[in-house]
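To start, the structure under review is shown below, and the notes come after it.
Coordinate-derived values only; no laboratory data. Keep in mind it's a predicted model, so treat the numbers as computed, not measured. In this analysis, Cβ positions are derived from the backbone assuming ideal geometry, glycine residues included, and neighbour counts consider all displayed protein chains.
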Amino acid sequence: MVDRPLTLMAVHAHPDDEATGTGGVLARYAAEGVRTVLVTCTDGACGDAPGGVKPGEPGHDPEAVAALRRTELEASCRVLKVSDLELLGYGDSGMMGWPQNSAPGSFWSIPVAEAAERLAELMRYYQPDVVVTYDENGFYGHPDHIQAHRITMAAVEPTGIPAKVYWTTAPRSAMAEFGRIMAELGADWEIPDTDASEGSEGSGGSESSGLAEPPIGLPDDEISTWVDVAQFGERKFEALAAHASQSENIFFLNLGVERFIQLMGTETFVRVRDSTGAPLPEKDLFAGLR
Ligand SMILES: [Zn+2]
């Protein structure tokens, strides 16, 4: 074995996805002595301004939003004990079809190879054993999620560095349960659909734009990796609370910590690259590596 710490690298589109998507594994593996590297690709400037003000509405200053979200991201990283935060600093592309998709410097408008090379440089530096990002649909069709997926896979190929690569996913069974509980709580919650992708003119050249998107999440038997993070549920909740400027997060926070842990106590992944031969299904992203 090489004399360096086991390393997890999570590649996310914007501030807050590190908490919702991978807050549990980031906290858990940090506690186990793994070095945790978070790469956040954009500044999140298309997020909400305080008070739920949306881009383009009076009172939404993209620069101020980016600054606030950076502060929130740093707070979340402290909670999750992320050891290294790397910001690629691209502009937030907004939702599919927004004019921000093609704004100069927007992540969606950057050639994949160009951003992938910057990420590959970080992989050469950190030598991650495990890399985690979104699936090819960016979980629900968000352009910057899709782009984060693309640059990650494009950086993995030539470097060949990570022994294991995972895409985040959600089991359909849990999503149904989640919808039921939210309905019970009287929340107007639906599985996020992909309406925003209609009429897309994204310059990133998504082949799927305007076509039927694949459904969100996976049938349980297609999930390769189930990581128990219940012990770190409170951390994850607290990390998400650091991103309270974003209205979707308030929504999760309204669940209360106990309910949140019940629903979010397991993080699920699909293993898409592996050189360890660890048998599936597995319960540990580092199975076969220690
Ligand atoms: Zn996101």
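Summary of computed values
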read-out: Under 5 Å, built H, 5+ apart or other chain: amide partners of residue 41; value: 12, 13, 14, 88
read-out: Radius 10 Å from Cβ of residue 11, net charge of other residues (Lys, Arg +1; Asp, Glu -1); value: -3
read-out: Per-residue HN-Hα couplings for segment 82-91 [Karplus 6.51, -1.76, 1.60; θ = phi - 60°; Hz; x = Gly/Pro]; value: 5, 7, 9, 10, 10, 10, 7, x, 6, x
read-out: Per-peptide average of other Cβ atoms within 10 Å, ordering 168-178, 94-104 highest first; value: 94-104, 168-178
read-out: Cβ-derived FRET efficiency at R0 22 Å, residue 81 paired with residue 250, nearest 0.05; value: 0.35
read-out: Positive minus negative residues near residue 118 (Lys, Arg vs Asp, Glu; Cβ under 12 Å); value: -3
read-out: Counted charge near residue 62, where neighbours are those whose Cβ lies closer than 12 Å (Asp, Glu -1; Lys, Arg +1); value: -4
read-out: Residue order, fewest to most surrounding Cβ atoms within 10 angstrom, among 65, 131; value: 65, 131
read-out: Under-5 Å amide H pairs with residue 273, H placed in peptide plane, nonlocal only; value: 165
read-out: Karplus 3J(HN,Hα) series, Hz, for segment 275-290 with 6.51 cos²θ - 1.76 cosθ + 1.60 (x for Gly, Pro); value: 10, 9, x, 4, x, 10, x, 10, 10, 8, 4, 9, 4, x, 10, 8
read-out: Long-range amide H partners of residue 94 with built H, under 5 Å; value: 46
read-out: FRET efficiency, residue 112 to residue 3 (Cβ-Cβ, R0 41 Å, nearest 0.05); value: 0.75
read-out: Percentage relative contact order, the chain, counting C-alpha pairs under 8 Å, at least six apart; value: 23 percent
read-out: Rounded Å value of the spacing that divides the Cα centres of segment 257-290 and segment 29-71; value: 26 Å
read-out: Packing rank of 66-78, 220-232, 272-284, where each peptide gets the mean count of other beta carbons within 10 Å, highest leading; value: 66-78, 220-232, 272-284
read-out: Farthest toward positive dipole pole in segment 41-190 [+1 Lys/Arg, -1 Asp/Glu at C-beta], among 130, 120, 76; value: 130
read-out: Per-residue [θ]222 nm for the chain (sum of -39500 (n - 2.57) over DSSP H runs n ≥ 4, rounded to 500); value: -11500 deg cm²/dmol
read-out: Rel. contact order, % - alpha carbon contacts under 8 angstrom, at least six apart, segment 63-117; value: 19 percent
